[in-house]
Amino acid sequence: MALRRLLVTWIGHADLTAMAGELPEKERSRVLDALKTKIDSSRHGGPIRTLLTKETFDEIHLLSNYQPFLAEWFVKWIGGKSEIHQVKITNPTDYASIFRATDTVLASIVKGPGREDAELCIHLSPGSPAMVAIWVLLGKSRYPATFFQTHDGQSWKTEIPFDLAFDFVPELLQSADLSFQHLAARSPQEIVGFSRIIGNSKAIRLAVGRAQKAAIRDVPVLIMGETGTGKELFARAIHDASPRKNGPFIPINCAAIPHDLLESELFGHKKGAFTGATSDHIGAFEQANGGTLFLDEIGECVPAMQSKLLRVLQPPPGEGPCYRLFRPIGDSADRSSDVRLIAATNKDLIQAVEDHRFREDLYYRLAVITLNLPPLRERKSDIPLLLEAFIRQINADFKVQEPGYKDKCISDATNVFVRRYPWPGNVRQLFNVLVQAAVMSGNDVIEPVDLESALGGTVSNSILDPLDQPLGNGFKLEKHLENIQRHYLRRAMEEAEGTKSKAAQLLGIANYQTLDAQLKRLDVKLNDSDK
């Protein structure tokens, strides 16, 4: 007796756009508006319907994180009887939420009545790369399955020749960084390729741990972080730690190049292709052959360039993951190169996708591995190391430029100031402010006033954290707490215009006599006479 075959798969973007192409105009517009996309004529009916035309299944289970009406219309479109499992995931690259949703659905399917001897079949083609990875992990361990793939109107069984012991995977996927805890025991200086990254905090060690894991695989990496957190520094470190370290590293800032010139910068052009093209130009994809191309500020690309990048980032069938096929402007033939891609952004690309400003399918191509860099305010323990490294670099640079230059150093008060200031521009802002302070200061010691001047004037005490005083080196808790008390006593008296009864109310003190005793004990001096 033949086994019952149970098919499980995600409904993917390509499936829904294929469906939209065959719907009446009104329904098609509604689908495309929901997907924030256009019709792609190369979809060949979509992965799921392609498989169903080649294989027969007794049950079809479709996971969907799209709007419910899209899944319902899709079931009607493919015909037959399919069960929809509507799930919610954080985003299409979040392994933990994808694992939880997928594991729950698979458990309900394989543990149902009469399914003890059924053959579980998983279709890998629809969905994001993270979804595919979770299918493989679960299908090779907890839920043994037969894998199918489709492409270009064809389908086939896929053999994955390895087995995974996976008793620990559910716990592992609960935390995206748990698997890198062992790397957090090592500083960046101990890891090949990452020696230029300064810091010893847990946040920076975990970021380096993820980057080191990403470096050894030829897959795209999307680096996310605020301005000034060191995204290009991490991209270079990934390149230096990768098998491509002897190849070129080509950085391109997509925000710094005019939109109408970016295509030429990336793909090149032939002489005479446009006004000003006085000679042939080799583009970045060709320059980076055998190495890494870093696209900074990828979120600034206009829709037309996003479409062209998507096409280049899709390797032709049978080619490796870094095979890039492109055509220079004005050329009549395609060219190819072997390029690993790293992109970076300080924008929320998920929100940009929802706002129709960034292509969802391009996001999936770029975000195979994501790396979030911590802002400086989340790694304040690294500030002493950063200060030491930066002032050493500044001194070395200035000695070359200025014979007889005397080294600058940082005062203890400046160390405190730097730790307490929020640094919205992160590490880059800290370095630039130190450079300006070193240039403008007339003394050998850089004081807080020098940094305040470099920051544009007097820094309000309200943005400095009194709870972030460095410990040791003469720190006394009782004295520090008394200083905090003096600050609030003086502030209350100023706001109460010297009226002690009102100041006591502002501070939550029972009566003005208690306030008066504290003013005398702490020797708080006021400019105005007591009232």
Consider residue 60 carefully, then state whether it is assigned to a strand (DSSP E or B) and touching a Gly at 6+ places or on another chain (Cβ under 6 Å).
no
Filter region 315-335 for residues that are out of contact with any helix residue (DSSP H, G or I) (no Cβ under 7 Å at 6 or more places or on another chain) and either under 12 Å from residue 263 (Cβ atoms) or in contact (Cβ under 8 Å) with a residue 40 or more places away in the chain (or both) and give the result.
317, 320, 321, 322, 330, 331
When residues of region 348-383 are limited to those that are in contact with a Lys or Arg (Cβ under 8 Å, 6 or more places away or on another chain) and part of a helix (DSSP H, G or I), the one surrounded by the fewest Cβ atoms within 10 Å (Cβ to Cβ):
354
Against the conditions (1) surrounded by 12 or more Cβ atoms within 10 Å (Cβ to Cβ); (2) within 24 Å of residue 375 (Cα to Cα); (3) modelled with pLDDT of 65 or more, where does residue 465 fall short? Just the number, please.
(3)
Are any of the residues in region 405-412 in a helix (DSSP H, G or I), in the same structural domain as residue 385 (by TED's automatic domain parsing), loosely packed, with under 13 Cβ neighbours inside 10 Å and touching a residue at least 24 places away in the same chain (Cβ under 8 Å)?
yes
Consider residue 438 carefully, then state whether it is assigned to a helix (DSSP H, G or I), more than 32 Å from the chain's Cα centre (by Cα), at pLDDT 90 or above and not assigned by TED's automatic domain parsing to the domain that holds residue 207.
yes
Single residue of region 178-214 satisfying the filter (charged (D, E, K, R) and within 18 Å of residue 379 (Cα to Cα)) that is modelled with the lowest pLDDT:
186
Filtering strands (runs of 3 or more DSSP E) wholly in region 226-343 for at least 3 residues that are crowded, with 19+ Cβ neighbours inside 10 Å and either modelled with pLDDT of 95 or more or not small (Gly, Ala, Ser) (or both) gives 249-253, 292-296
For the subset of region 1-39 comprising residues that are under 19 Å from residue 123 (Cβ atoms) and surrounded by fewer than 16 Cβ atoms within 10 Å (Cβ to Cβ), which member is modelled with the highest pLDDT?
4
The residue that is surrounded by the most Cβ atoms within 10 Å (Cβ to Cβ), considering only those in region 85-98 that are in contact (Cβ under 8 Å) with a residue 24 or more places away in the chain and more than 21 Å from the chain's Cα centre (by Cα), is 85
In region 255-271, anything of a type in the set (A, V, I, L, M, F, W, C) and out of contact with any strand residue (DSSP E or B) (no Cβ under 6 Å at 6 or more places or on another chain) is listed as 255, 256, 257, 261, 262, 266
When every residue in region 482-531 that is of a type in the set (A, V, I, L, M) and modelled with pLDDT under 85 is compared, the one surrounded by the fewest Cβ atoms within 10 Å (Cβ to Cβ) is 510
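The values are calculated or read from the model by the stated rules, or taken from the named source; none is laboratory data. Remember, predicted model here, so these are calculated numbers, not experimental data. Backbone-built Cβ (ideal geometry, glycine too); neighbour counts: all protein chains shown.
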